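Here is the structure we will look at.
Read-outs: derived from the displayed coordinates by stated rules, not from any lab. Just so you know, these numbers come straight off a predicted model, no measurement behind them. Cβ coordinates were reconstructed from backbone atoms using ideal geometry, including for glycine residues, and neighbour counts include every protein chain displayed.
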Amino acid sequence: MGAADVKPHQARPASAERDQLLATKLVVPGLRAGSVPRPWLTTRLEEALAQGTVLVSAPAGAGKTSLLAHWARGTGRSVAWLSLDEGDSDPIRFWRHAAGALGLSGRAELLLPPPLPPSCEPLVTALINELASEPAGHRVLVLDDYHLVDSPVVHESLTVLAERRPPGLNLVLAGRSDPPLALARLRARGQLAELRFAELRLTAAETAAIVRQATGAPVSMKTAADLTARTEGWAAGVQLAALSMRGRTDPAAFVAGLTGSHRHILDFLAEEVLDAQDRPTREFLLHSSILDHLTGPLCDVVLGRRDSQAMLEHAERDGLFLIPLDDVRGRWRYHHLFADVLRARLRAEDPDGARDLHRRAAVWYEDRSLPDQAVRHRIAGDDLPSAARLIESYYDETYTRHGEGATLHRWLAALPEDLLSTRPRLLLARAMLLTDNRVADALRLLDRAEQAAAEPEFAPTVGRDASLLANFPAAVAVHRGRLATLRGDADGAAEQAAIALAAIGPDELPQRLVAEQVIAVADWLRGRLAAAEERLTATLANLDGAGQAMWTARGGYRLAQIQCGRGDLDASARTCRQMLSSPAAGAGYAGLAWCEYQRDHLDAALRHTTTAIPLCRQLQYTQPLAGALATQAWIHLARGDRAAAKAAIDEAAEASPGAAVIDLLNPIPAQRARLLLALGDVDAAERWTRTAGLRPDHDPSYAREPAHLVLARVLIARRRPRPALALLDKLHAAAAAQDRIGSLIEIGALQALAGRDTLADAVVLAGRQGHIRVFADEGPPMAALVRRLDPATAPPDYLAALRHSSAPTRAAGPAEASGLVDPLTVRELEVLRLIATGRSNQAIARDLVVTVDTVKKHVSHVLEKLGAANRTEAIARARELRLLPM
């Protein structure tokens, strides 16, 4: 068979080959020779679409794809087809391909920046809105072979599409088993129709037609009925039997000899069909079966032949389970069931030859820069070292640039631990995937990476200078530094970053910028905010241009937090706005929401969180998502919606990195305890302080300042002002020494609540940038202190706004205070405010990231509760009730 690393005759450009492979996934498969039309069943399918989603679930070989292909060619609807494979378990890849099938690929690219999101629901909602805004039509998205998808993220987001699909869109899911979607809920709502094996079974007349096509001779209806009964109408069994009957003088006797289970009949008939082929055809079938897609040139290279195109056309004409994937007979695939049989036979007869074929295929795909197929064939060919080399080479491109984290996880999971122990970069890659949420596990992987054998040869596809794995010693040091920052070890982080910078070459820009970020965060942990701001500002301009969306999100969001820490809301807002046109836009909106909230611009803050949350779900870096949810919790509380506030802060806690990350970099646990305290649950807040190991006599650090301030609030709530003031005095002295204005404002407010005359000084500092909620969120005790302030303390407009926001009536919320019998919900208030700006239903849907149908329901409820006949009346009535400004 020749050397395993044979090069292809003509290397095709990588992008062209990738485009061609994707195109075959989006084309309705051709009709296989020997298939028969089933008009009654296609009519049944057409009628089933009235329920919205159709599930075609039946065993392999039942004729699912054939039925759908016949239907797609005869329906008057626009059919968007996607043939799925195991690679589509990567959520980003799945939705990019689905959006491509629907003609919305540009939208998917916009909303799916790398890396892997924990949820694709926001993308699905955006696609729903996009489809809903198009002219009404009849479009059907067919997802064939859905059983090959095993991603919970895909299943959850597809359920969203099934439940919220816009008018004019239908779903058809075809697979060997029921998908783990919310099928019971869809059934109960009348949104699901099902076609199963009982309906797909062939009739005797259809069996007779298949036998006649395959043999060229008619068969008696009794023989056809017997064959149907023995195969239970199983389409693949009938087709195989028909091929086996060619040239037999007694078809009835042959049919009578068919006994046993489906599996037994399949094995028997496959042997019959294979053994009936001449040797060249049989060899071609077996050897080409290792390929998922077949073309003449590819088969020539892998099989070492020159006649593959003719062989493929001959096999299709003979009905040998070859399905055309285009209209020009250039690409095919075997029926999955037949391919399974052929591959099992090849492994049994010639295992060494099978491995050699896989290695040849791997070379062909590798030369065309198709890593997923190349890795699969390397692993199938038992060439694991080469598979490891490929995964290393494509790490940066697959994960950093395209965000296909699930693909990278799948590749790494296929490699044995003993091999990984010899590949330090793969251990490092695994550590980098875990760093934010599993600090201890990431540390152990870094230790293993450094203890691994000598560095193998490495050639990243993005180039060594752009790779985060190329400079191994520097990469390990950088990520040790990252882990040190997460644990609050500023000295350790700075030390590791210095080691990395000493090892980084002048052209290795991404690695250098990441190391600079580590130093900036170390400065932040020490309270050196000016130095941290200066360093982060210098790195951010280069990061986005270097294609490092994840690091742009981290750096920009942290810079905005640092500027808030300095009390400079203007600078923080500018930083956030600069991020809005980048893939890190979600982090920008999250930071902007916090700035607006601090100034008591609740409507603007809520709009920004509503925009931020779906975008932040696309970032593996989860802190902006957690921050946006926490901001939304405080907005809900400010408006009097205690239940919504609690729900939002609980969701923020789930999105946060966890207790292993220091409070400054993960303030959500402290914020949750503080919000519980604001809700009146002093016991819960106090329990949290004990669990966090906080004591008033400890020397507080800036890295734990959010937690220390919660402890101070608990002590004040427990009427223990003396230890509270002792703690606050130490925090204030440290903040004053480092000119941390944000800290001085908050600490001064708490000192005032504990009985010290510091409120005026804090208000003077806060008035420079319009900080309001830092006082208002402390509730009635602070409101009483604010009312007693000397009018000369601050500008009249600011002092009026401060007093208004701190007034106890504020917490009741405008909806509850309006006098409506049935008050508007928080979401209905959002819709009302957007209506008042003149936005259409489609525009409101885009703003709130919901479907147009959902907006229509909210608008209907708003009009009903306000007793209005139209939008104009609703706006006027809302202004009378002070739900909107006059």
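Determine the gain in length on full extension of the stretch Lys856-Glu86; use 0.36 nm per residue of separation and subtract their C-alpha separation, reporting nm with one decimal. Write down the numbers at each step before the final one.
Numbers: separation 770, 0.36 × 770 = 277.20 nm, distance 3.85 nm.
Answer, rounded to one decimal: 273.3 nm.
Peptide packing for 744-753, 585-594 was compared via the average number of neighbouring C-beta atoms within 10 Å per residue; ordered from the highest value, the list is 585-594, 744-753.
Binning all Cα-Cα separations of segment 661-744 at 10 Å, short to long from zero, yields these whole-percent fractions: 19, 53, 27, 1. Report the Cα centroid-to-centroid distance between segment 165-219 and segment 743-795 in angstrom, as an integer. Cα centroid of segment 165-219 versus Cα centroid of segment 743-795: 68 Å apart.
How many percent of the alpha carbon pairs in the chain exceed a separation of 47 Å?
So the pairs more than 47 Å apart make up 37 percent of the total in the chain.
Ordering Pro152, Val219, Gly247 by the projection of their Cα atoms onto the charge dipole of segment 148-279, which places +1 on the Cβ of Lys and Arg and -1 on the Cβ of Asp and Glu, puts Pro152 at the extreme positive end. Does anything in segment 63-107 have its amide N under 15 Å from the 7 Å Cα→Cβ label point of His155, and if so which residues? Hits in segment 63-107 for His155 at 15 Å: 89-91. Note on Lys865: aspartates and glutamates with a C-alpha under 20 Å away, same-chain residues under 8 apart excluded, are Asp641, Glu816, Asp822, Glu828, Glu830, Asp853, Glu873, Glu880. With R₀ set to 41 Å, the beta-carbon distance separating Arg718 from Arg768 gives a calculated FRET efficiency near 0.80. Here the residues Thr422, Thr537, Thr552, Thr228, ranked from fewest to most Cβ neighbours within 10 Å of their Cβ, fall in the order Thr422, Thr537, Thr228, Thr552. Computed from label points 7 Å out along Cα-Cβ, the spacing between Glu47 and Glu163 is 3.0 nm. Between segment 690-721 and segment 46-94, the C-alpha centres lie 59 angstrom from each other. Across the alpha-carbon set of segment 185-294, the Rg to Rh ratio works out to 1.09, Rh being the Kirkwood radius. List the residues whose amide H sits under 5 Å from the amide H of Gly488, counting only those 5 or more places along or on another chain, with H placed 1.01 Å from N in the peptide plane. Those lying under 5 Å, H to H, from Gly488 are Ile662.
Taking every DSSP helix (H) stretch of at least 4 residues in the chain, weighting each as -39,500 (n - 2.57) and dividing the sum by the residue count yields a mean residue ellipticity at 222 nm of -19000 deg cm²/dmol. Angle of helix 336-349 to the longest C-alpha principal axis of the chain, folded into 0 to 90 degrees and rounded to 10: 70°.
Remark: spin-label model distance Ala836-Ala684 equals 3.1 nm, labels positioned 7 Å along the Cα→Cβ axis. With each label modelled as a point 7 angstrom along the Cα→C-beta vector, the Leu419-Ala225 pair spans 5.6 nm. The order of the peptides 727-735, 216-224 by mean Cβ neighbours within 10 Å, most packed first, is 727-735, 216-224.
Can I get the semi-axes of segment 553-622's equivalent ellipsoid? Compute them from the C-alpha gyration tensor as square roots of 5 times the eigenvalues, in angstrom, largest first.
Details: eigenvalues 59, 42, 16 Å².
Equivalent-ellipsoid dimensions as semi-axes: 17, 14, 9 Å.
At an R0 of 60 angstrom, the distance between the Cβ atoms of Glu313 and Glu864 translates into a FRET efficiency of 0.35.
The angle between the Cα long axis of helix 262-275 and the main principal axis of the chain comes to about 50°, on a 0 to 90 degree scale.
Across all Cα pairs in segment 127-217, the calculated P(r) in 10 Å bins from zero up to the longest distance comes to 13, 36, 27, 15, 9, 0 percent per bin. Relative to the longest principal axis of the Cα atoms of the chain, the long axis of helix 152-164 makes an angle of roughly 90 degrees.
If you place +1 on the Cβ of every Lys and Arg and -1 on the Cβ of every Asp and Glu, how big does the dipole about the Cα centre of segment 640-727 come out, in debye to the nearest 20?
Values: 13 positive and 11 negative charges, 90 e Å.
About 440 debye.
Subtracting the Cα-Cα distance of His293 and Glu880 from their residue separation scaled by 0.36 nm leaves 204.6 nm. Rounded to whole numbers, the Karplus 3J(HN,Hα) couplings from phi for segment 736-741 are 5, 5, 10, 6, 8, 5 Hz, using 6.51 cos²θ - 1.76 cosθ + 1.60 with θ = phi - 60°, and x at Gly and Pro. On the basis of the beta-carbon distance and an R0 of 35 Å, Arg444 and Arg695 show a calculated FRET efficiency of 0.65.
Which whole-number percent gives the relative contact order of the chain, counting Cα pairs below 8 Å spaced six or more residues apart? Intermediate results must be reported in sequence, preceding the final value.
Values: 1461 pairs, mean separation 87.2, N = 886.
This gives 10 percent for the chain.
Counted residue by residue at 0.36 nm each, then reduced by the alpha carbon distance between them, the extension gain from Glu495 to Asp761 reaches 91.9 nm. Positive-end ranking of Ala344, Ala749, Cys576 along the dipole of the chain, with charges on Cβ about the Cα centre, is headed by Ala749.
Looking at the P(r) of segment 279-380, how many percent of alpha-carbon pairs lie beyond 25 Å? The share of Cα pairs beyond 25 Å in segment 279-380 comes to 11 percent.
Once the gyration tensor of the Cα atoms in segment 660-812 is diagonalised, the equivalent ellipsoid follows with semi-axes of 25, 18, 14 Å, ordered largest first.
The residue among Pro700, Ile391, Gln277 whose Cα reaches farthest toward the positive pole of the charge dipole of the chain, with charges on the beta-carbon of Lys, Arg, Asp and Glu, is Pro700. Please grab the % of Cα pairs in segment 331-371 that end up more than 12 Å from each other. Considering segment 331-371, 66 percent of its Cα-Cα pairs are separated by more than 12 Å.
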